[in-house]
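The values are calculated or read from the model by the stated rules, or taken from the named source; none is laboratory data. Given the structure is predicted, the values throughout are model-derived calculations rather than measurements. For neighbour counting, all protein chains shown are included, and Cβ atoms are generated from backbone atoms with ideal geometry for every residue, glycine included.
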Amino acid sequence: MKYCSRFDSCSAPKCPLDPLIDSRSENDWDPKCGMAKSTRHRYWESMPEDLRKVLPFQGYFRAEYNRMEAARKR
């Protein structure tokens, strides 16, 4: 998550740039990541290759990534 420019000020419990995102929990009232999808993806592209492999959704949330993949297949 240190690759995110908002890391020090963000309080969202689930960050798409966090390799441990699947082990994190959140509640309905928790803040959400407000960074644009394209910006998160650019941060993902700037990460070292070994870290990029750990983040299978390329800086997107799982649902965002799945929607994009479904749209590509159409």
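Observations on the model:
- Residues of region 21-42 that turn out to be among the aliphatic types (A, V, I, L, M), modelled with pLDDT of 90 or more and either touching an Asp or Glu at 6+ places or on another chain (Cβ under 7 Å) or closer than 17 Å to VAL54 by Cβ (or both), as a count: 0
- One residue stands out in region 60-69 among those that are assigned to a helix (DSSP H, G or I) and among the hydrophobic types (A, V, I, L, M, F, W, C): the one that is farthest from CYS33 (Cα to Cα), namely MET68.
- Selection count where residues are farther than 19 Å from LYS2 by Cβ and surrounded by 12 or more Cβ atoms within 10 Å (Cβ to Cβ), scope region 31-55: 1
- Beta carbons closer than 9 Å, at least 6 apart along the sequence or on distinct chains, pair a first residue in region 2-21 that is under 14 Å from ALA36 (Cβ atoms) with a second that is surrounded by 15 or more Cβ atoms within 10 Å (Cβ to Cβ) and of a type in the set (Gly, Ala, Ser) for ARG6/ALA12; PRO16/GLY59; LEU17/GLY59.
- Residue in region 45-59 that is on the phi > 0 side of the Ramachandran plot, in a loop (DSSP other than H, G, I, E, B), of a type outside the set (S, T, N, Q) and touching a helix residue (DSSP H, G or I) at 6+ places or on another chain (Cβ under 7 Å) present: yes
- Selection of region 8-44 for residues being over 12 Å from the mean Cα position of the chain (by Cα) and in a loop (DSSP other than H, G, I, E, B) yields ASP8, SER9, CYS10, SER11, ARG24, SER25, GLU26, ASN27, ASP28, TRP29, ASP30, PRO31.
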